[in-house]
Each structure stands twice: as structure tokens, then as C-alpha cells.
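Structure, as C-alpha cells:
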Amino acid sequence: MLQIRNLTSVFPTDSGMIKAVNGVDFHLKQGQIVGLVGESGCGKSATMLSILRLLPHPGKIIQGEVLFEGEDLLKKPLSEMRKIRGRKISMIFQDPMTTLNPVFKVGEQIRESMVIHGFFKKDGWNGFDFFRRRRKRKEIDKVISLMEEVGIPSADLRYYDYPHQFSGGMQQRALIAIALACNPRVILADEPTTALDVTIQAQILDLLRRINEEHGTGIILVTHDLGVAAEFCHEIAVMYAGRIVERSKTDDIIEDPKHPYTQGLLKSIPRIVKHKQKLYVIPGSVPDLLQMPPGCAFAPRCVYAIKKCKEKNVPLTEIEEGRYVRCINYI
Amino acid sequence: MKGIKILERILLAIPIMLGIAIIIFFFMRLTPGDPVDIMMGKAGMVSKAEIANLRKEFNLDKPLHIQLFLFLKGLLKFDLGKSFTKGMPVMELIKETLPATIELALFAMMFALIIAIPVGVISAVKQNSWIDRFAMAGSFFGISMPHFWLAIVAILIFSVKLNLLPTQGRISYGVELAHITGLYVFDSIVTGNLEALIDTLKHIILPAVSLGSAMAAIVARVMRSSMLEVLRQDYIVLARAKGLPEWLVITKHAVKNALIPTITVVGLQMGVLLGGNMIIETVFGWPGIGRMVVNAIFARDYPLVQGVVMFYAFVYITANLIVDIIYTVVNPKIQL
Ligand SMILES: Nc1ncnc2c1ncn2[C@@H]1O[C@H](COP(=O)(O)OP(=O)(O)OP(=O)(O)O)[C@@H](O)[C@H]1O
Ligand SMILES: [Mg+2]
């Protein structure tokens, strides 16, 4: 339903081009949850923002396609794009504390999403509006029931609260309500739980899963936590330094990771164990996106790296049915 | 809760006002020149006895600390004393000239905001475009030009060369206007007096623009920088991600946030407009408080100067308080 092909986005800076998204390929099938996993700074948010063409200045998309319901979003005029944002594809952001507008009531911010996409149809004569009050009451009731659906208690009162009166978890629920407002086909969830504590995390993820199951909404779940992705996603794409390095069904990735980076990530998931056990850490650090090595970006940190790895970059290759890996050892 | 906080602020104002009262009292008396001498100098030959009489009448024969005591005692009763030169209570004189000053300040502010807010917003949205550069160069000009200079240039162009606008006063001689509030433009609208309306508007344009231009420049800069700050925020990305058209993102989601710091500046500038317009009022012969106090300073009219300064202090403090109250309205996070 949503297919991303060879997507490449850059941030031109004084010291050079930062390729935040570097030829990314993946897709989201109807009603699925796909996990996009990678370390901080690998370009996950940039990928999500590119899909909606919301990259902040000076970022721009220089290549690729974002096919949604058969059409390339990157070729659409902006006015068309606006009808898709929030209506067909909506986004949930990383930091709920800064994402709600501090000067508007939470309920009004949710209602705005519905109003902007004409979700409340005016019926008949549109001139002087005698029924404005009554219609607004209906709209508010609808927002309140949506707030209840995403688990905001006493929503009828909370409608009139300002964002700072909400806890982080409640703010994220409000943002999910905004994302859900027009019953979109796809939700891009950019680390929806990173800023929240663990118990709230589980609740929010459960809520997303319920939305996926009840509404059939496709979700791209961005996370840096492979454990979370393993639990919630049908498919996982692992991202490293702007590229997808491995992509396949969740079970395959968890049981038999192919790419050395995925293997490293998997080993470094903390587990509760009785004995003191040192956490595995992938040696080395993320490459500077300004000075990318010519070959495989992971080669400097890879234990299996051979000479050829540092010279030549291999494409993402299908090594088995539905399993894609970007590593010379499997070609 | 809110009421208590406001009360606290009002109480806090009392020692400030007291301090200002004492400072202005001594400053006036440290200024060289004696009020009675200046008055008598104008009147020509006068006898010693008459001079002594006047001193007695003005309490100038009493020791300094008694004079200060009398001044402060008067203040407690909101009695600012009697003007030396006009022979009227200072309070009356302020009441008489206040409407002119307020009207000028309001128009100056209106002019400033109508120009500055859109300019600041557009400059930020089109950052580094030629519009932005042009606007910021203009505002730099507006801040750095002294406004009396601007006033004189405006007079030269619009009055002397083009003969379009009057240069002195609030209303032409012979134009009738019923005084209701003392705000002439308002009064002429209320009474449906078209002739007076046009005439008073013509009179107010030049002084209001001269007075408001510096404020416009400052507000435009503040608005621009707070817009730039706001446009980088996550909630702006959310507004776009919701599918809002860009103009709504700007005018609704960004501007309301960017106004918060701007309001402080506008409020303080309102104090400046009410209190800092002596030069403009003098240049344009505008019969307001500013021109009155300038004359009072030259005449060493102690009570009048003291009274007006106390009034200015009061206006500043009130403006600050009002800013804080408005702040709580636009910024839900702040509860005073
Ligand atoms: N406004 C910007 N200007 C310049 N470079 C940027 C900008 N925004 C992002 N980048 C670069 O793009 C890269 C990818 O950033 P992105 O925010 O997509 O990372 P991420 O994977 O979402 O990380 P995190 O887990 O911390 O959210 C970063 O390395 C960063 O250097
Ligand atoms: Mg991110």
C-alpha cells in the first residue's frame, strides 16, 4: 500500500551534504505493522518526514519514489499533498511534550484535524449558520469519544485542558487521537514511546496495536529498540547510517539475523538475567554522515569485514524469499 | 489566587513610587535656577516683599525636609499640589492634557502594530529574502533615527513641500467639536461630525507616525525573531502534518505563540509612548502632558514636574501589570 523506493534525502550544510536517507527501500502492506529500527541519528525520522514531504529546511528529497495507493507522493502538487497529510497518512512524533501546540486546548487541536479535512460535513445551505453552536457541540462530542477511545480518562473535562496540564503519556495519547482523527490508512509512528517511561510505553504500544487490529490501519513503527519491534511488528527493516541493511519478516530477523549489524543489535538487547552479565556493545561508533566510507558503512565496526567490504557498496539483495540483506557475505 | 498575586504586585509598587518621589523631589531642587526668580524675571520689576510672599505661598521658604514631607503627605491623598505657573491643581492639569497624550499614543501604537506585526511575520517566513533584508534595514533605520528628526523631515515633506497636512495642534481653529472623552477622533465619530473627524485625523497622522515608527521598528524585530524561534518548533511540524495549509500554520499556530514575547515589548513600549513623547508633542505643538512637562521644567514648576513624573511612574507600573495579566491570557502555562 505504501512503497518507498530508493528514497534519498539530504541536508546541505556548510561542511557538506549530509545524506540522512540514502536509497531507502521498503514497503508497508495493507494492515501491517512494519518496524524501522536503528540507532540514534541513522535517519529514521528523516525517512518518515520525507514520506510526508515535511523535512525541515534545508533538508530536501533528491531521489526516489513514495508510492501510496499507486501514486507517487513526491510528484504530487503540494495542495494534493495536504489532502493526504493527516487524512490518509498521519504521523505521531517522538517528543509529545513539544509536539502539541502550547497555546491551544488539547480538544481543539484534535477537532482541528477533523475540521480541516471536512470530516464534519455541513449539510445543505451553507450561508449564515444558525446551527453553528449545535454543530460544534456535535463535533466536540465526537472528539471526546475519540479521546476516550485512545484512553484519556474523563475526556469531557480534559477536552478543555491545555497541553501542559497533561502528563507525557496523556499527551502522546492526545497526539495519537490527532493522528487517528480522520481514520487514516497509514500511521507513521516515530518513536512514539521513547520519551515515556516503561509502563506507559507498553500501554501506548498496546493502543497502537489495537488501532491496527480494529481499524486495519497500517503502521510504520520507528524505534531504536529491536526488542519492541520484535514484539509488535510483522516485518522489520534495520537501518544503519541512512541505509536499510536488512529487511524481512520479524521471526526471520529474530531467529536468524543475517547482517552483522542486526546480529549485534540483537545481542545488545538487555535481558533480565540472574547472574551479572555484561551487556554486549557493538564496537566502534556510528560513522559521520559527512564522511561516509566508500564501501559498506558498517565495515569499520564489523567483525566479519573483509577487504572488499571497504571498497565496494553492495545493494540490498533478496537472498531468500522475502529476505533482503545488504552484505557482501551473502552474495 | 490570581487576585492575591495582583494585589501583591500593587503593594510592591508603593515603595517603588515612594523612591521615585524622593528622587524627583531632590533632582528638581538640585537643578540650577529658582522658580520664583524665573517667574519674576518674566514679570519685570517686583518688590522684595512680593517675592517673599510668593515663596511663602509655594512653601519654598520652609526647610527642605518639611517641603518633602508636605509633598509625600499630599501624595498619600492623591494630591499632587498646585502648579506654580498655572495656579491650578496638578491633578486637574494632568486630567486636562491626558486625553491628547493618550490619543496620540493610541494612534502611534496602532500605526506601529499594523505595520510591525505583518512585517515581522513576513520577514520570518521569508527569512533572508529581499523582503526580509529590506524590512530589517528599514527597522534598523527606524530604531536609530531620533524621532524628532523624523518629525522634522515629515513636516518638511508633507506640510511644507506638499502642503497636505497641518503641523501644529490637534484640530484646526474654527472646527467645532463637542468634547465627550477628549479623544478628538473618537468624539467626532460618536457625534457623527465628519468635518472634525477628517480634520483631527489629518492633525494626528504626522505625530503618530513619527512617534510610532521607533516602536514599529522594535516590535517588527521582536516579532521576527520570535517567529523564527516558533517556526522551528515541533508543533509547527505537527500542524503541517495535520494537513493544514501553510497560511493557517503561520497565522494560527505560529503567530499566537510568537505574540507572547512581543506582548511584553508592546506593553513596555506603551509606557514609553505615554511617557516619552515630550519631544514629539513639543515639535507638533500637541497639547498633551509631554509638552506641558517640558514647559514646566523650563519654569522650574516643581509641583507640576513632580506630579507628572509620579504620573509617568504610575503609568509604567500599570503597563507592566497589564502586560503580565494579558500574558496569562495568551500563555496558558503562566499563572502570574
Ligand atoms: N535540520 C537538520 N540539519 C542538518 N542535519 C540534520 C537535520 N536534521 C537531521 N539531520 C541529520 O540527519 C541525520 C538523521 O537524523 P534523524 O533525525 O532522521 O535521526 P533518527 O534516526 O530519527 O535519530 P533519533 O533516534 O535520535 O531520533 C542525523 O545524523 C542528523 O545529523
Ligand atoms: Mg528521530
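General observations
- A single entry from A:Gly43, A:Gly59 fulfils the requirement of being more than 16 Å from the chain's Cα centre (by Cα) and within 16 Å of ligand 2 (Cβ to nearest atom): A:Gly59.
- Region A:70-100: number of residues that are facing chain B (nearest Cβ under 7 Å) and either within 16 Å of ligand 1 (Cβ to nearest atom) or in contact (Cβ under 8 Å) with a residue 40 or more places away in the chain (or both): 9
- The single condition from (1) within 16 Å of ligand 1 (Cβ to nearest atom); (2) surrounded by 15 or more Cβ atoms within 10 Å (Cβ to Cβ); (3) part of a loop (DSSP other than H, G, I, E, B) that A:Val103 fails is (1).
- Region A:26-45, residues that are under 24 Å from A:Lys249 (Cβ atoms) and within 12 Å of ligand 1 (Cβ to nearest atom): A:Leu36, A:Val37, A:Gly38, A:Glu39, A:Cys42, A:Gly43, A:Lys44
- Scanning region A:117-138 turns up no residue that is within 15 Å of ligand 2 (Cβ to nearest atom) and buried (at least 16 other Cβ atoms within 10 Å of the Cβ).
- For region B:245-269, the set of residues classified as surrounded by fewer than 22 Cβ atoms within 10 Å (Cβ to Cβ) and away from chain A (no Cβ under 14 Å) consists of B:Thr264, B:Val265, B:Gly267, B:Leu268, listed by residue number.
- Residues in region A:31-81 that are in contact with a His (Cβ under 9 Å, 6 or more places away or on another chain) and of a type in the set (Lys, Arg): A:Lys44 alone.
- Which numbered condition A:Leu49 fails, given (1) within 16 Å of ligand 2 (Cβ to nearest atom); (2) part of a strand (DSSP E or B); (3) not polar (S, T, N, Q): (2)
- Some residue of region A:191-206 being within 13 Å of the chain's Cα centre (by Cα), within 16 Å of ligand 2 (Cβ to nearest atom), in a strand (DSSP E or B) and among the charged types (D, E, K, R): no
- Among residues of region A:46-56 being near ligand 1 (Cβ under 7 Å from one of its atoms) and over 9 Å from the mean Cα position of the chain (by Cα), the one that is modelled with the highest pLDDT is A:Ala46.
- Matching residues, region B:60-103, being touching a strand residue (DSSP E or B) at 6+ places or on another chain (Cβ under 8 Å) and assigned to a helix (DSSP H, G or I): B:Val90
- Per-region count, region A:11-25, residues near ligand 1 (Cβ under 9 Å from one of its atoms) and either closer than 23 Å to A:Pro315 by Cα or at pLDDT below 90 (or both): 6
- Residue list for region B:157-181, filter: in a helix (DSSP H, G or I) and farther than 19 Å from B:Glu281 by Cβ: B:Ile157, B:Val160, B:Lys161
- Options B:Gly290, B:Gly285; residue that is modelled with pLDDT of 85 or more and more than 12 Å from the chain's Cα centre (by Cα): B:Gly285
- Test: residue in region A:274-290 that is hydroxyl-bearing (Ser, Thr, Tyr) and closer than 18 Å to A:Asn329 by Cα: no
- Residues of region A:70-88 that are in a helix (DSSP H, G or I) and exposed (fewer than 14 other Cβ atoms within 10 Å of the Cβ): A:Lys75, A:Leu78, A:Ser79, A:Glu80.
- Any hit, region B:249-260, residues being at pLDDT below 90 and over 22 Å from B:Ile204 (Cβ atoms): yes
- Yes/no for A:Val66 being in contact with a helix residue (DSSP H, G or I) (Cβ under 6 Å, 6 or more places away or on another chain), away from every other protein chain (no Cβ under 14 Å) and within 16 Å of ligand 2 (Cβ to nearest atom): no
- Candidates in region A:213-249 are the residues that are more than 16 Å from ligand 2 (Cβ to nearest atom) and of a type in the set (Ser, Thr, Tyr); of these, the one that is nearest to the other protein chains (Cβ to nearest Cβ) is A:Thr217.
- Some residue of region B:57-75 being of a type in the set (S, T, N, Q), surrounded by 13 or more Cβ atoms within 10 Å (Cβ to Cβ), without any contact (Cβ under 8 Å) to a residue 40 or more places away in the chain and touching a Leu at 6+ places or on another chain (Cβ under 7 Å): yes
The values are calculated or read from the model by the stated rules, or taken from the named source; none is laboratory data. Given the structure is predicted, the values throughout are model-derived calculations rather than measurements. Please note: Cβ atoms are built from the backbone with ideal geometry, for glycine as well, and neighbour counts cover all protein chains shown.
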